[in-house]
Amino acid sequence: MSEKSAPTPAQGPSPIGEISQEPSAFEAFLDANQKRLVMAGILAIIGLIGYVIYDGLEEMGNKKAAAAVAEARTVPEYESANKDYEGKNAGGSALILKSQLQWRDLQQQEAIKTLEEFIAAYPEHPALGSAITSMGSYHQQLGNLEEAKKAFSDASSSGASTSSLALLSLGDIASQEGDTEKAKEFYKRIITDYGTSHPQVKTLAEQRLKIVGVLAPTVAAPEPLAPTPTPGGPAPAATSNPSLIPGFNPAPAPFNLIPPPSPVQIPETPKPAETKAPTGAAEEQSEPAEESEGN
């Protein structure tokens, strides 16, 4: 008995277009540029400090102050803007931008002092948390880890847009100091507290969790060469530095397996035989001598 196929429903009019199940061009772009997008996201979060500055000024309707801060390009111009709008958000924003310019010009200590001045004078500024994070980053790059940890800790509890980055930096410092458990705690806090709001930083924290505490392979140092004892001499003293042993040759020559060549005997050259003059010639030579004696 042959199997009967299930009845097919009556086909209606064909749709104008069908929905494609293949990934869209946008999804393909995300897959191909994931790493770049992560870094761009980090830069975007750091760039929020500028957005907070200008957007906050615009919301307050102080367009003149915003224009003055935006037009400044040098340290004296930022100082002038800070003086003109002292006590206002525009004046504090001028200090933040001044510190960034000083750091770029390798005036590291001056940049930190400018941020300290801003933090003390503008505790209600909308970019306060971002400025504290920047100061922690400055200290970290200079190797002042204790000052960096304090700044990052303050920034992480400020609720600023850079709080997740402050936690990431705290985890990096803890990992650098060998405290892997504390580093994991910071990274996990990012995933828990900022998993949805800061997905880029969450991705970085997940990557660090995979490698935290993993030691890089080390290359063993070569064994020191054993000293060559001198025949008939005292035994070499035990030392960790063979080069300090008297008579030690850092590259001892191997035993000579080839016997030295035997001396070559040069045959003596025979002396020429003495030739005797004929007797008659000798007599002739003696006669004139006798005559001269007679004279």
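Based on what the data block shows, is residue 93 crowded, with 22+ Cβ neighbours inside 10 Å and without any contact (Cβ under 8 Å) to a residue 60 or more places away in the chain? Before the answer, list the steps.
Details: crowded, with 22+ Cβ neighbours inside 10 Å: yes; without any contact (Cβ under 8 Å) to a residue 60 or more places away in the chain: yes.
In short, yes.
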Could you tell me whether any residue of the stretch 95-105 is in a helix (DSSP H, G or I), at pLDDT below 95 and within 15 Å of residue 169 (Cβ to Cβ)? no
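Which of the residues spanning the stretch 145-168 are assigned to a helix (DSSP H, G or I), surrounded by fewer than 24 Cβ atoms within 10 Å (Cβ to Cβ) and of a type in the set (S, T, N, Q)?
First pass over the stretch 145-168, keeping only residues assigned to a helix (DSSP H, G or I): 145-156, 163-168.
Filter once more, keeping what is surrounded by fewer than 24 Cβ atoms within 10 Å (Cβ to Cβ): 145-150, 153-154.
Answer for the stretch 145-168, where residues must be assigned to a helix (DSSP H, G or I), surrounded by fewer than 24 Cβ atoms within 10 Å (Cβ to Cβ) and of a type in the set (S, T, N, Q): just 153.
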Going by the structure shown, is residue 111 at pLDDT 95 or above, under 26 Å from the mean Cα position of the chain (by Cα) and surrounded by 24 or more Cβ atoms within 10 Å (Cβ to Cβ)? no
Output for Cβ contacts, cut-off 8 Å, separation at least six or different chains, first residue in contact (Cβ under 8 Å) with a residue 40 or more places away in the chain and crowded, with 18+ Cβ neighbours inside 10 Å in the stretch 196-214, second part of a loop (DSSP other than H, G, I, E, B) and hydroxyl-bearing (Ser, Thr, Tyr), reads 201/194
When every residue in the stretch 169-178 that is without any contact (Cβ under 8 Å) to a residue 24 or more places away in the chain and surrounded by 16 or more Cβ atoms within 10 Å (Cβ to Cβ) is compared, the one nearest to residue 127 (Cα to Cα) is 170
Output for Cβ contacts, cut-off 7 Å, separation at least six or different chains, first residue in a helix (DSSP H, G or I) in the stretch 116-128, second among the polar types (S, T, N, Q) and surrounded by fewer than 20 Cβ atoms within 10 Å (Cβ to Cβ), reads 128/158
Going through the stretch 139-169 in order, the residues found to be closer than 20 Å to residue 199 by Cβ and more than 19 Å from the chain's Cα centre (by Cα) are 155, 156, 159, 160, 161, 162, 163, 164, 165, 166, 167
Here the residues within the stretch 120-146 that are farther than 17 Å from residue 172 by Cβ and touching a His at 6+ places or on another chain (Cβ under 9 Å) are 131
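The values are calculated or read from the model by the stated rules, or taken from the named source; none is laboratory data. All values derive from a computational prediction rather than experimental measurement. No Cβ is skipped: glycine too gets one built from the backbone with ideal geometry, and neighbour counts run over all protein chains shown.
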